[in-house]
Amino acid sequence: MQCLLEAPGEEDVFSPQPERVAIVTGGTDGIGYATAKQLAKLGMHVIIAGNNDSKAQEVVRRIKQDTLNDQVEFLYCDLASMRSIRQFVQTFKMKKLPLHVLVNNAGVMMVPQKATDDGFEEHFGINYLGHFLLTNLLLGTLGESGAPGRHSRVVTVSSATHYVGELNLDDLQSGTDYSAHAAYAQSKLALVLFTYRLQALLTARGAPVTANVADPGVVDTDLYKHVFWGTRLVKKLLGWWVFKTPDEGAWTSVYAAVSPVLEGVGGRYLYNERETWSLEATYDPELQSQLWARSCQLTGIADVTQETFGR
């Protein structure tokens, strides 16, 4: 038996994924919701990690109803709070479940300057650092759940905006001349650098886990509520032509999560289900290493890459 996912114009057919467990951050809205729904349709046990308690019950009910899959649940996780992330991981681990797919999807876009609970600039703190910490805390479970020929997968959602991003290691919190666009682009660039460094670590360890980046393209979601009014007008007038639907935007994430073509394949930047080149700077191992080390300091975790790479 095979399942055809909902993706207009796509002919890809994926096998059912029973007994596999996925976590999708930001799964109550937009691309995250569409991703969670598609994975549930394939028979996965899907855990939606989010901070929207008010929508959670209805979202879970709707996905269960639409997919005929009762193994869909919500667990609270606020990526703006390291304490909340740690509590989420603790709650998840108490369930004694394996973890085969982690989709780092949640994010904010071009929001006014504001700090997270831990004092980080919101784009960097939520989009990047929150997912950095979450992934690291779940790496052990991902490794234990994977196997040769059936790797666990980390799928991190970035954006074409990373191509115009600049990583300022001396001002990761965008404290000087704040620009919402620049802060957003930097967070998306950091996610690509993180993914490549993570894959290098996984490869060096021989871990049955892969890490890839998914670029959803330009998608019609609520993330655009903070952008320039002219952009919102274009979105309203031409959205049907310029923007993908959330289901279409989720397709690359789903592809990265389940496609047999990517079994054992990591360290790739995927756009429209195809590997493409990311910004040249993202392939710099020294920049990857510096960002990783700084991220460990900011999140208070040990830098395990030092044991593996010796620096």
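The values are calculated or read from the model by the stated rules, or taken from the named source; none is laboratory data. Given the structure is predicted, the values throughout are model-derived calculations rather than measurements. Reconstructed Cβ throughout: ideal geometry from the backbone, glycine too, with neighbour counts over all protein chains shown. Side chains are part of the model used for accessible areas, which takes the heavy atoms of the whole protein and leaves out ligands, DNA and RNA. Shrake-Rupley method; radii C 1.70, N 1.55, O 1.52, S 1.80 Å.
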Selection within region 38-81 - assigned to a strand (DSSP E or B), under 20 Å from residue 258 (Cβ atoms) and either open to solvent by 30 Å² or more (accessible area, probe 1.4 Å) or of a type outside the set (A, V, I, L, M, F, W, C) (or both): 45, 73
Taking region 213-225 only, how many residues are modelled with pLDDT of 90 or more and touching an Asp or Glu at 6+ places or on another chain (Cβ under 9 Å)? 1
Anything in region 286-311 that is touching a Phe, Trp or Tyr at 6+ places or on another chain (Cβ under 8 Å) and in a helix (DSSP H, G or I)? List them, or say none. 288, 289, 291, 292, 295, 298, 299, 305
Qualifying position, being open to solvent by less than 40 Å² (accessible area, probe 1.4 Å) and over 25 Å from residue 20 (Cα atoms), among 282, 252: 282
Cβ pairs under 8 Å, 6+ apart, first in region 52-68 and more than 23 Å from residue 79 (Cβ to Cβ) and modelled with pLDDT of 95 or more, second acidic (Asp, Glu) and not in a helix (DSSP H, G or I): 64/70
Let me spell it out: the conditions are (1) assigned to a loop (DSSP other than H, G, I, E, B); (2) touching a helix residue (DSSP H, G or I) at 6+ places or on another chain (Cβ under 9 Å), and residue 96 meets all of them except one. Which number is the exception? (2)
Select from region 161-179 the residues that are within 18 Å of residue 284 (Cα to Cα), of a type outside the set (Ser, Thr, Tyr) and surrounded by fewer than 19 Cβ atoms within 10 Å (Cβ to Cβ) and list them in ascending order. 164, 166, 168, 169, 170
Inspect all residues belonging to region 226-246 and state whether any of them is modelled with pLDDT of 75 or more and surrounded by fewer than 24 Cβ atoms within 10 Å (Cβ to Cβ). yes
Six or more apart or on different chains, Cβ atoms under 7 Å: show the pairs whose first residue is in region 77-90 and under 11 Å from residue 134 (Cα atoms) and whose second is of a type in the set (A, V, I, L, M, F, W, C) and not in a helix (DSSP H, G or I). 77/49; 79/106; 84/77; 85/77; 85/79; 88/49; 88/75; 88/77
Going by the conditions given, is residue 90 touching a His at 6+ places or on another chain (Cβ under 7 Å) and under 19 Å from residue 141 (Cβ atoms)? no
Kindly indicate whether residue 138 is open to solvent by less than 30 Å² (accessible area, probe 1.4 Å) and out of contact with any helix residue (DSSP H, G or I) (no Cβ under 7 Å at 6 or more places or on another chain). no
With (1) under 20 Å from the mean Cα position of the chain (by Cα); (2) of a type in the set (Ser, Thr, Tyr); (3) surrounded by fewer than 22 Cβ atoms within 10 Å (Cβ to Cβ) as the list, and residue 158 as the residue in question, which single condition is left unmet? (3)
Among the numbered criteria (1) over 18 Å from residue 98 (Cβ atoms); (2) modelled with pLDDT of 95 or more; (3) open to solvent by 10 Å² or more (accessible area, probe 1.4 Å), which one does residue 6 miss? (2)
